[in-house]
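One structure is given below, encoded as structure tokens.
The values are calculated or read from the model by the stated rules, or taken from the named source; none is laboratory data. From a predicted model like this one, the values you see are computed outputs, not experimental measurements. Glycine also receives a Cβ, built like all others from the backbone with ideal geometry; neighbour counts cover every protein chain displayed.
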Amino acid sequence: MTIMMARPHVMVVPYPAQGHVIPLMDLSLILVKQGIKITFVNTKENHDRIKSALPCGDGLLSQIYLVWISDGLESSEERKKPGKSSGAVLKVMPEKVEELIECINGSESEKITCVLADQSIGWALDLAEKKGIRRAAFCPASAAQLVLGLSIPKFIHNGIIDKDGTPLEKKGIQLSPTMPSVSTEKLVWVCVGNKTIQRHIFQLMVKNIESMKKTEWLLCNSSHELESEAITMAPEIIPIGPLLSCDQFGHSAGNFWPQDLSCLKWLDQQSPNSVIYVAFGSFTKFSPPQFQELCFALELSNRPFLWVVQPEESKLAYPEGFVERVVERGRVVGWSPQKKILIHPSVACFISHCGWNSTLESVSNGIPVLCWPYFADQFLNKSYVCDIWKVGLGLEPNESGMITQGEIQSKIHQIFIDEQLKSRARDFKEKIHIGTGQGGLSNKNLDSFISWIKS
Ligand SMILES: O=c1ccn([C@@H]2O[C@H](COP(=O)(O)OP(=O)(O)O[C@H]3O[C@H](CO)[C@@H](O)[C@H](O)[C@H]3O)[C@@H](O)[C@H]2O)c(=O)[nH]1
């Protein structure tokens, strides 16, 4: 008699934002390849965007069950209001996910055997515990960011912040000499909005950390090669990254907007190591004067550039005659195939907001970064790039908070001529690949996690 074993079935719950969905999709693709069934839960709006941006005929991706739940918000406009989306994540989504689990596990289909939730969706981990389902947390940000979160009680005790997360003085925090530093003013919960939003996000972080402590796995999209000190400080963090599915499967998944692939052909026509790639993730918004400064800097650099300007930003006015003047050497797209761009030999450097995914994608390919952080963990990531790994330069604002064309131009020039920096970036790339290669620690951790899911 043959006993049929049920397939392990993992429900993946990302925080509903682009920089969270993409790495969890990357991890899902790896799990699917191992014969694990994946149900991937998005909000309705994100689900529709991902579906319509999916490339046709993608075999592996079509094996992920994409399902949606409501976030209870009425419109995209409402979602963009500060605090609205994170409020909905707490108020509406838990009940919907619970219903979904009950529906799947009450039916004839394969039962959910594990919940894999974004570390910032602590309630999904609590829910899995309540339902007696195994669970794992995934952090799409750096291990250093997690360690800062885990250090909150110490920061309160030492009088660095009050119990609402408000800094009691302006000072730099650096947990060890090989860890990045961040000013108290730029702590992740401090630089995301007004005081009410700050308090809300801070309390959410504190709660999520409690939920996270109860999981069997605290996975992080990082590696010993990138962040050995942070991982040593908090041994509960299991690094499995950098997860870059594009390397393994030839495509990236989970994009909210269709990728403009035509820019790859344009890149093919450029000289090796000549192009400045410019992209600021999915959240960054520029003021019109700041946008114009960047335009002038790119124009005056006299180098080819590929710039992601999302449709909303393209409403910002380009300087008069700019488009005509740069037409021969500048390319603007609405959403790029970023992972493919950063492995392209024509790309020389990346002007980036330093989202963790963009940072990983850049350093894993030996591309030097010009750091232009905007909010959240991006200041910490900038410190990694510039102070710890030394594979990039920071763009510094003037007294009015503006990053001037002169500053951008000067740093572009420096990054192109600094052979030592470029050489460090190439060496760092090799080092990072040790962790993800056969026998590397990230690779081994991933294998152990897969075995645990299957056990
Ligand atoms: O034209 C583009 C632009 C971006 N991307 C991809 O979109 C992702 C963007 O992620 P990230 O660089 O992390 O930026 P955000 O979307 O801003 O990510 C949010 O989530 C990250 C992970 O928690 C945080 O580090 C960031 O601060 C936060 O803003 C990356 O995989 C990019 O490859 C594209 O494919 N095409």
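Observations, loosely collected:
- Only residues that are within 13 Å of the ligand (Cβ to nearest atom) and not in a strand (DSSP E or B) were counted in segment 326-340, giving 7.
- So residue 316, is it among the aliphatic types (A, V, I, L, M) and surrounded by 20 or more Cβ atoms within 10 Å (Cβ to Cβ): no
- Scan of segment 118-145 for residues that are among the small types (Gly, Ala, Ser), within 14 Å of the ligand (Cβ to nearest atom) and either surrounded by fewer than 21 Cβ atoms within 10 Å (Cβ to Cβ) or within 17 Å of residue 24 (Cα to Cα) (or both), ordered by number: 120, 137, 141, 142, 143
- Residue match in segment 269-289 (condition: within 8 Å of the ligand (Cβ to nearest atom), outside the structural domain of residue 28 (by the TED database) and surrounded by fewer than 17 Cβ atoms within 10 Å (Cβ to Cβ)): yes
- The one condition in (1) crowded, with 17+ Cβ neighbours inside 10 Å; (2) within 30 Å of residue 179 (Cβ to Cβ); (3) within 13 Å of the ligand (Cβ to nearest atom) that residue 366 fails to fulfil: (3)
- Filter result for the condition that a residue is modelled with pLDDT under 95 and aromatic (Phe, Trp, Tyr), over 375, 428: 375
- Residue 201 falls short on exactly one of the conditions (1) within 16 Å of the ligand (Cβ to nearest atom); (2) assigned to a helix (DSSP H, G or I); (3) modelled with pLDDT of 95 or more; (4) not aromatic (Phe, Trp, Tyr), and that condition is (3).
- The residues in segment 162-177 that are surrounded by 17 or more Cβ atoms within 10 Å (Cβ to Cβ) and either within 25 Å of the chain's Cα centre (by Cα) or not assigned by the TED database to the domain that holds residue 219 (or both) can be counted, and the count is 3.
- Residue within segment 335-345 that is under 16 Å from residue 411 (Cα atoms) and surrounded by 21 or more Cβ atoms within 10 Å (Cβ to Cβ) present: no
- Qualifying residues in segment 197-224 (those that are aliphatic (A, V, I, L, M) and touching a Phe, Trp or Tyr at 6+ places or on another chain (Cβ under 8 Å)) - the one surrounded by the fewest Cβ atoms within 10 Å (Cβ to Cβ): 205
- Test set (1) touching a residue at least 40 places away in the same chain (Cβ under 8 Å); (2) touching a Ser or Thr at 6+ places or on another chain (Cβ under 8 Å); (3) within 12 Å of the ligand (Cβ to nearest atom) - residue 343 fails condition number: (2)
- Complete set of residues in segment 114-171 that are of a type in the set (S, T, N, Q) and under 21 Å from residue 222 (Cα atoms): 119, 120, 142, 145, 151
- The residues listed here are 215, 196; of these, the one that is under 30 Å from residue 161 (Cα atoms) and outside any helix (DSSP H, G or I) is 215.
Residue-wise test of (1) buried (at least 20 other Cβ atoms within 10 Å of the Cβ); (2) without any contact (Cβ under 8 Å) to a residue 60 or more places away in the chain; (3) of a type outside the set (Val, Ile, Thr).
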site: 147; (1), (2), (3): yes, no, no
site: 153; (1), (2), (3): no, yes, yes
site: 160; (1), (2), (3): no, yes, no
site: 179; (1), (2), (3): yes, no, yes
site: 226; (1), (2), (3): yes, no, yes
site: 230; (1), (2), (3): yes, no, yes
